[in-house]
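Below is one structure; the comments refer to it alone.
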Amino acid sequence: MINTIKQTNRKENISNRLEFDNLLKVLLIIGIVVISGFILYYVLKPAPGFISFGVLNSDMKLDDFPSELSVGENASFYVFVENQLNREFTLRLEILKGDNETIKSSLGSVNATSYLNITNVKINHGTRWTSEKLNVSFLVPGVNYSIIMEFWEIKLDLNEVFWEILWQNLNVTT
C-alpha cells in the first residue's frame, strides 16, 4: 500500500510538472507575441512631427533683441518657420503692434493693430522658411509696447487654425 501511495504521488508530481511546463510554455508564447506586437508598433509608427517657429535679430541670429527704441526707429528682425510635420504646411504670419493695453496669451492677442500680413506660404516637410527683413517702428513714445508675431495654419478648406504667438516688449522713447 505504501508503494501504491508513492507511485500515485510520483504520478501526481509528474502530472503537475507537465501541467506547469505546458502552462509556462503558453505564457512564454503569449509574452513573446505581446512584446513582438509592441516592438512592431514602435518600429512602424511614425514619429510625431513638429513645427519650429522663431525670431532672428537683424543679423539673422537668435541673440537678444533691443528692449528700447526711439520714436521712428526701426526694430528689424526675421521670422522663421521650420516644417517637420511629415506633410506640406501652408501658413499665414501676422505681425501686429500692441501697446500697454494689449493682451497676449497662448490663444493670440487682443487689442493689437495689424501691421503686416504674410499669407499662403507653403513649406514642404524638412524645409525652413525665413521671412524677408521686417521693420517695425512706433510713432508715439510709450511703455510696454510690443511687436507680436502670430502664426496660423491655412487648411485645405481655407479655414485657419491658430498655432503660436511670439512677442517682444519694447519701451519707446523720444
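Derivation of every value follows stated rules applied to the coordinates shown; laboratory data play no part. In this text, all values refer to a predicted model and were calculated from it rather than measured experimentally. Note that each Cβ is placed from the backbone with ideal geometry, even for glycine, and that neighbours are counted across all protein chains shown.
Quick rundown of the values:
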item: The chain: relative contact order in percent, alpha carbon pairs under 8 Å with at least 6 residues between; result: 23 percent
item: Leu166-Tyr42 FRET efficiency (beta carbon distance; Förster radius 25 Å; 0.05 resolution); result: 0.15
item: Cα lying deepest toward the dipole's positive end in the range 82-146, options Asn124, Ile103, Ser137, charges on Cβ; result: Asn124
item: 10 Å Cβ shell holding at most 10 others, DSSP loop, trypsin sites (Lys or Arg not before Pro): longest site-free stretch of the chain; result: 88-154
item: Descending semi-axes in Å of the chain, equivalent ellipsoid built from Cα gyration tensor; result: 68, 19, 14
item: Among Met149, Phe50, Ser67 - extreme Cα towards positive end, dipole of the chain, charges at beta-carbon; result: Phe50
item: Exposed GluC sites (Glu not before Pro) absent - longest run of the chain, DSSP non-H/G/I/E/B, at most 12 other C-beta within 10 Å; result: 1-87
item: Helix axis angle, 2-44 relative to the chain longest principal axis, alpha carbon, degrees; result: 20 degrees
item: Net length gained if the chain between Ile29 and Asn120 were fully extended (0.36 nm per residue, minus Cα distance); result: 27.3 nm
item: Computed [θ] at 222 nm, deg cm²/dmol, the chain (DSSP H ≥ 4; -39,500 (n - 2.57); rounded to nearest 500); result: -9000 deg cm²/dmol
item: About the Cα centre, charge dipole magnitude for the range 46-169 (Lys/Arg +1, Asp/Glu -1 at Cβ), debye; result: 300 debye
item: Linear extension gain, Asn86 paired with Asn74, 0.36 nm per residue minus alpha-carbon span; result: 0.6 nm
